[in-house]
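What follows is calculated from the coordinates using simple rules that are stated; it is not laboratory data. On a predicted model such as this, the values are computed, not experimentally measured, just so you know. Note: ideal-geometry Cβ built from the backbone for every residue, glycine included; neighbour counts use all protein chains shown.
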Amino acid sequence: MFDDPNLVAYGGLEPVVRLAERCGLPKLVGEHVRLPASKDGTGAFPAAKPMSLVGGMAAGADGIDDMDRLRHGAMGRLFSGVRAPYTLGSFLRSFTHGHVKQLNAVARRFLPELARHTPMLPGADQAAYVDIDDTIRGTHGYAKQGAGYGYSKVKGS
C-alpha cells in the first residue's frame with residue numbers, strides 16, 4: 001500500500017496516460033464503444049474505464065485486483081476518474097463479441113495516431129507493416145519442451 005498523500009507511486013505513468021489522451025483514446029472509445037445500460041452501471045462512462053485500464057497496465061498491473069494501485073497516494077491529483085477494480089472487472093465482463101469488434105475499430109484508429117505522435121521509425125509514414133497475428137507452427141519430435149496442443153488443435157509453441 002502506498003498511502004503518502006503527497007507522493008506519486010508511478011511517476012512515469014503520467015506521460016503515458018497523457019500520450020493516450022493526446023492520441024484521442026478516450027474520444028475514440030466514446031464514439032465507437034456502445035455498452036448496454038445496466039443496473040450496476042457497467043455501461044456508464046465507457047471512455048474513462050479504458051484509460052484506467054491503460055494506466056493500470058502501464059503501472060504493472062497484471063490482473064483486476066492490481067488496478068487498485070492507481071488509487072493510492074497522490075494519484076488522485078494526477079488522474080481524475082480512476083475507477084475501482086470491481087468496476088473495471090464488471091466493465092470487462094460486460095463485453096461480447098460485438099464489443100470486441102468495436103474495440104478493434106478503436107484500435108484501428110488509435111494506432112496511426114500513436115505512430116504519428118511517437119515518430120520512432122524513420123520512413124514509417126510511407127509504409128509500415130505490423131504482424132500481430134498468432135501464427136502457430138507445428139512442432140515435431142519428443143524432445144520439444146513446452147510444445148502442446150492449444151486452441152488450434154496443432155501441436156506447437
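Less than 20 Å from a label point 7 Å out along the Cα-to-Cβ axis of residue 34: which backbone N atoms in the range 89-120 qualify, by residue? From the range 89-120, the list is 91-110. When the chymotrypsin sites (Phe, Trp or Tyr not before Pro) in the range 1-97 are filtered for DSSP coil states and for at most 14 other beta-carbon atoms within 10 Å of their beta-carbon, the remaining sites are 2, 95. Considering the zone a paramagnetic label at residue 109 would reach in this model (a point 7 Å from Cα along the Cα-to-Cβ line), which residues of the range 10-26 have amide N under 14 Å from it? Within reach of a label on residue 109: 23-26. All C-alpha to C-alpha distances of the range 1-105, sorted into 5 Å bins beginning at zero, yield P(r) values of 2, 13, 22, 24, 20, 11, 5, 2, 0 percent in whole numbers.
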